[in-house]
Amino acid sequence: MPLPARHYSTLNYDVWLYIASFLTLQELWNARFLNEVVFGVAMDAGYQVVHVPTDYRHFEGFTQWFPRFYGADVGHRVRTIHFSPLAALRKSSWDQGRRTRASINDDLVPQERVLSFYQKLLQQSATTKPTMPTNPKLPTKPTQPTMSNRRLSMLARIKHRLQGIFPVKPQLSPEQTFQMSVAQFSAVSNIIVDLHYWERAGEIFPPVEFGMPSFMIKASSSNLKSLSLNVPISMALCFLSEAPHYPNLEKLSIEKQIWEWYDESQTETPSETWIQPLATFINRHADTLLSLALRLPIQGSNFAPGPYPAPSSPSGPHISSIFKNFDKIPNLVHLSLHLFRDTDPQGLRQFLRRQTRTLRKLELILEKNLSYIGADQVLAIVRDSLVHCRLSSLSIQYRIDNDEWQRSKDEPNTRMASALGLIRNSITQSNLTSLEISGYYTTLLPAELREILEMRGGIRRLRHLALRVQVMTADMFDLIVSELPALQSLDLTACAFKGRSSYYRDWEQDFALEMKTRTYADWGLQSLKLAVASEQPSLSGGIAVRGLVHALPNVHTFNGLSRSEYLSQLID
């Protein structure tokens, strides 16, 4: 793409950058020919992220068209490359109607233009069976005259001499052309390989091509700062074993949210075969890592019926034993972990105590098969290991099954004693500003919520809170406002909004009436995200939520929308 003509202006470079910072990506792209400064900013923003389908072989014409979207003049602008199946991009990126335009023109932002092209490939493959491009040899016509051996020999000598004077440029296959275009992304600092949607809701996508992600991981070195792998663990080991040393790697995320293979007869990769290689890779980059996320597979053989923890399987080391293989990560700030009933307490405790000085953000995801009691026992390890850790952000994600939730919803406070103890330690020892307690079937009982809000000390410095409560009353919301004066963002999910009436059909109406007598004009909350998860079809939450919104005149956004837009979507 040619550079625009120079437009001289009295405004300097920094001023134009400041002006561009207020524009949306689409506005910036439309104004890219204003001058060279805006052109450079627009090009960098437009080509910052590239999506590469891992199943591109199943879409005819893809390898020919991709280099046209990402030529040599824009390859150095790419910063993030995202590998995932093409159908996954459809699920995650094409919910908005503007991404399904009939025409693919230059007015679209480059990423939108490419996604529109991907959409056309998917629409075509949905109606016709995709075929692999082939290069068949044309048959020789029977009437075609044949040359004598003498003439063929003479032509061969002439061709050989001409090749010495005018070297013939080798013909590249579409696959080689595609690989060369990806190789031009020399400044990539973030690589994401995500096969989460490879198999979902009974839909099996075509087999994916692993060569391109592996090639990009091996080709990146000095510029790479973030590597995220959501793939089968055997594939992750293959990628990491061939990866070079990344001197600037700051973020590493290894997840496994998909089945290892489609064939149910195949088993998971044994833990002992990958614990040490993974630990070795992490230890090699320990000096530069700032963020580490390990959400690793769990061994089904270790599950046992009932709400209590089962003993460890003697067949082999549990995956959590990887913690004892880790060296100290001296600059680690963010840690995200899966916790299991078989979590090695000694290894985890040793690892966490090494990170106490630097750790500031902690995310804990609890195994789905754990009961509240089992989860509490696992959390006790973390609670005891981080007594002196100065956390600024804490997130605890429960994955309690529906049946276990039905059995445990009326248990006393002891079901979450370790979680509450961890929160109390974080508030006492640090400047905790963000707290999240989430989980689809996990609801805080009124007494548990009250205990959190009445924790003395740092709780009043909280700026972000996300939780799911069983019942929200007007008095309880008063307590949130009074005890959290610095709160700016609230993510609240309630199973019911309850007024003073004892009849559940009148709960929401009574709650709304109570909220009409209240106003929180002095509260500094800026963003509110509300969700209603009622078990009763008659409790939609619309009336109660409307009353709550009217009591918050200073809140800017509700579920990402303005006040008027949000209220217009509510159904009473």
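For segment 67-76, the condition of being touching a strand residue (DSSP E or B) at 6+ places or on another chain (Cβ under 8 Å), at pLDDT 85 or above and surrounded by fewer than 19 Cβ atoms within 10 Å (Cβ to Cβ) holds for none of the residues.
Just name the residue that is modelled with the highest pLDDT out of those in segment 77-103 that are assigned to a helix (DSSP H, G or I) and within 20 Å of residue 191 (Cβ to Cβ).
77
Selection of segment 351-372 for residues being buried (at least 19 other Cβ atoms within 10 Å of the Cβ) and under 26 Å from residue 445 (Cα atoms) yields 362, 364, 365, 366, 367, 369, 370, 371, 372. The set of residues in segment 451-489 being among the acidic types (Asp, Glu) and without any contact (Cβ under 8 Å) to a residue 12 or more places away in the chain consists of 475 alone. Looking only at residues in segment 526-539 that are over 30 Å from the mean Cα position of the chain (by Cα) and surrounded by fewer than 16 Cβ atoms within 10 Å (Cβ to Cβ), the one that is modelled with the highest pLDDT is 536. Can you find even one residue in segment 112-129 that is at pLDDT below 55 and either closer than 17 Å to residue 47 by Cβ or not acidic (Asp, Glu) (or both)? Yes, that holds for at least one residue. Is there a residue in segment 53-65 that is farther than 25 Å from residue 223 by Cβ, out of contact with any helix residue (DSSP H, G or I) (no Cβ under 8 Å at 6 or more places or on another chain) and modelled with pLDDT of 80 or more? Looking through segment 53-65, none of the residues is farther than 25 Å from residue 223 by Cβ, out of contact with any helix residue (DSSP H, G or I) (no Cβ under 8 Å at 6 or more places or on another chain) and modelled with pLDDT of 80 or more. For residue 72, the test of being of a type outside the set (D, E, K, R), out of contact with any Ser or Thr (no Cβ under 7 Å at 6 or more places or on another chain) and assigned to a helix (DSSP H, G or I) is failed. Taken across segment 484-501, residues that are surrounded by 17 or more Cβ atoms within 10 Å (Cβ to Cβ), among the basic types (Lys, Arg) and modelled with pLDDT of 80 or more do occur, with at least one present. Restricting attention to segment 27-50, the residues being within 15 Å of residue 77 (Cα to Cα) and free of Cβ contacts under 8 Å to residues at least 12 places away in the same chain number 1. Does residue 173 satisfy the criteria of being hydroxyl-bearing (Ser, Thr, Tyr), surrounded by fewer than 21 Cβ atoms within 10 Å (Cβ to Cβ) and at pLDDT 80 or above? Here the answer is no, as residue 173 does not meet what is asked. Here the condition is being crowded, with 16+ Cβ neighbours inside 10 Å, assigned to a helix (DSSP H, G or I) and modelled with pLDDT of 85 or more; of 41, 50, it holds for 41 alone.
The residues of segment 473-492 that are more than 30 Å from the chain's Cα centre (by Cα) and in a strand (DSSP E or B) amount to a single one, 473.
Could you please tell me which pairs satisfy a Cβ distance under 8 Å, a separation of 6+ or placement on different chains, a first residue in segment 325-341 that is in contact (Cβ under 8 Å) with a residue 40 or more places away in the chain, and a second residue that is in a strand (DSSP E or B) and acidic (Asp, Glu)? These pairs meet every condition: 334/363; 335/363; 336/363; 337/363. Give the residues of segment 275-284 that are surrounded by 19 or more Cβ atoms within 10 Å (Cβ to Cβ) and out of contact with any helix residue (DSSP H, G or I) (no Cβ under 6 Å at 6 or more places or on another chain), sorted by residue number. The answer is 278, 282.
Of all residues in segment 342-380, exactly one satisfies the criterion of being polar (S, T, N, Q), at pLDDT 85 or above and assigned to a helix (DSSP H, G or I), namely 350.
The values are calculated or read from the model by the stated rules, or taken from the named source; none is laboratory data. Fair warning: this is a prediction, and the values are worked out from it, not measured in the lab. Cβ sites come from the backbone with ideal geometry, for glycine too, and all protein chains shown count toward neighbours.
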